[in-house]
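Here's the structure, in structure tokens; my notes come after.
The values are calculated or read from the model by the stated rules, or taken from the named source; none is laboratory data. Keep in mind that this is a model prediction, so the values were computed, not measured. With ideal geometry, Cβ positions are generated from the backbone for all residues, glycine too; neighbour counts draw on all protein chains shown. Protein only, heavy atoms only, side chains kept; ligands, DNA and RNA dropped before computing areas. Shrake-Rupley method; radii C 1.70, N 1.55, O 1.52, S 1.80 Å.
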Amino acid sequence: MPTLNNVGMPEDQDPPRRPGPTPPQEAAAAAHRALPRDFGSVTALVRRELARPVPDATVALVAHLRERFGDALAGVLLYGSCLRSGDLRDGLVDLYVVVDSFSRAYRSRALRLGNRLLPPNVFYLEIPLESDSRSGRGDILRSKYAVVSMAQLRRGCASWFHPYLWARFAQPARLAYARDADAEKDVVDAVAAAPVRFLAETHPLLADEEPFPATELWRAGLARSYAAELRPERNRAETLVALNHEYLESLTRAAQPALPELEPAPGGRYRSRAGARGRRRARRRWGLRRLQGRLLSVLRLTKAATTFENGLDYLAWKVARHTGERIDVTPELRRRPLLRGFRLLRSLLRRGTIR
């Protein structure tokens, strides 16, 4: 079974450039060798998607992050349910913060180590806003932001075994902030690898079947990527494909030339030529990801207990939002979040509230 190094390697920044390949550069090249690199049209699509406007309220969040991380902040990516709704006050804004290096981003040695060994670090942020007189909404903007290095973003979108990053960023996202043109290019190039990796890992699941539409391919991959994490959402793959089918179909057309075993078929459909062996191998890999993801989810929740203020309230809110089941955050749970939290997690798993 893959080790945690398949999720994030210790280095938090790229090796310095010098004549001739260094061992880290050779290792990075080997990690990417299995992924086709000829996907310029995918990069163009991703660049346009990332460049689309973001809601005005994003400015306040980015300003706080620039103040916290300073020159180490290379980019900020917006994704998730608030991006889809367009209303950042409705729920919790999901952000990914991309930094150059953890030594520049954090003073705390523990935070640096945690972000290197088990990325990402997750933090909670509240920003006061002026009240919206038209909607009567509250004046607090709430955000959950995850921190990765630029090197982790590259590897996570192209060569990590677990789909934690490449399944997320195969979906639509926005580049809410880039420090400069070089940082913007680095983020775009990293994210552009995600849909290619997603399709490469997913299409063998449908090998030797009748020609299928691109939407069926995305539903299959998204359903398995959600199953590889502990999540309360239900039928999210169907929702995501329905909301973004045109973009996902365009990505599939653009990525297909880089995936020789994914062949176009009449009627805008596709056929996987991975064969029975490829299908069995793909199913085994996704099965391993599901097992690995359970462990990683528990470890990330444990780590987040030290960085995520009001994390129990967030968990209770998210479970109630997606399942309708209310969790009572008792004083005892607040006093002993790890011990009581594990018992709560076991109870939620047993009841099927999260899967």
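Any idea how many residues of segment 155-200 are in contact with a Ser or Thr (Cβ under 9 Å, 6 or more places away or on another chain), surrounded by 22 or more Cβ atoms within 10 Å (Cβ to Cβ) and more than 23 Å from E229 (Cα to Cα)?
2
Looking at this structure, is P119 of a type outside the set (F, W, Y), within 26 Å of L288 (Cβ to Cβ) and touching a Ser or Thr at 6+ places or on another chain (Cβ under 6 Å)? Walk me through how you get there before you give the answer.
Details: of a type outside the set (F, W, Y): yes; within 26 Å of L288 (Cβ to Cβ): yes; touching a Ser or Thr at 6+ places or on another chain (Cβ under 6 Å): no.
Taking the combined requirement at face value, the residue does not satisfy it.
Can you tell me which condition L288 does not meet? The list is (1) within 19 Å of the chain's Cα centre (by Cα); (2) at pLDDT below 95, and all the others hold.
Single failed check for L288: (2).
Being open to solvent by 40 Å² or more (accessible area, probe 1.4 Å) and closer than 17 Å to F69 by Cα is the filter; apply it to segment 112-138 and report the residue that is modelled with the lowest pLDDT.
Among those residues, the one meeting the criterion is E126.
For a quick check of your reading of the model, give me the residue pairs whose first member lies in segment 255-270 and is outside any helix (DSSP H, G or I), whose second is of a type in the set (K, R) and open to solvent by 40 Å² or more (accessible area, probe 1.4 Å), with beta-carbon atoms closer than 6 Å and at least 6 apart or on different chains.
E261/R273; E263/R271; E263/R273; A265/R271
Among the residues of segment 141-149, are any open to solvent by less than 30 Å² (accessible area, probe 1.4 Å), polar (S, T, N, Q) and out of contact with any Gly (no Cβ under 8 Å at 6 or more places or on another chain)?
From segment 141-149, those open to solvent by less than 30 Å² (accessible area, probe 1.4 Å) are 141, 143, 145-149; that's our starting set.
Filter once more, so that each one left must be polar (S, T, N, Q): 143, 149.
Applying the additional criterion that residues be out of contact with any Gly (no Cβ under 8 Å at 6 or more places or on another chain) yields 143, 149.
Scanning segment 141-149 turns up at least one residue that is open to solvent by less than 30 Å² (accessible area, probe 1.4 Å), polar (S, T, N, Q) and out of contact with any Gly (no Cβ under 8 Å at 6 or more places or on another chain).
Within segment 226-246, which residues are surrounded by 16 or more Cβ atoms within 10 Å (Cβ to Cβ) and either modelled with pLDDT of 90 or more or in a helix (DSSP H, G or I) (or both)?
Correct list: Y226, A227, A228, R236, A237, L240, V241, N244.
I need the full set of residues from segment 52-74 which are at pLDDT 90 or above, surrounded by 13 or more Cβ atoms within 10 Å (Cβ to Cβ) and in contact with a strand residue (DSSP E or B) (Cβ under 7 Å, 6 or more places away or on another chain), in order please.
Once the filter is applied, which keeps residues that are at pLDDT 90 or above, surrounded by 13 or more Cβ atoms within 10 Å (Cβ to Cβ) and in contact with a strand residue (DSSP E or B) (Cβ under 7 Å, 6 or more places away or on another chain), segment 52-74 yields V54, T58, A60, L61, V62, H64, L65, R66, F69, A72, L73, A74.
Checking D180 against (1) of a type in the set (D, E); (2) under 29 Å from E246 (Cβ atoms); (3) modelled with pLDDT of 95 or more, only one condition comes out false. Which one?
(2)
I'd like to check something: does segment 209-219 contain any residue that is hydroxyl-bearing (S, T, Y) and buried (at least 24 other Cβ atoms within 10 Å of the Cβ)? Quick ask: steps written out before the conclusion?
Step one: list which residues in segment 209-219 are hydroxyl-bearing (S, T, Y), which gives 215.
Imposing the further condition that a residue be buried (at least 24 other Cβ atoms within 10 Å of the Cβ) reduces the set to none.
No, segment 209-219 has no match at all.
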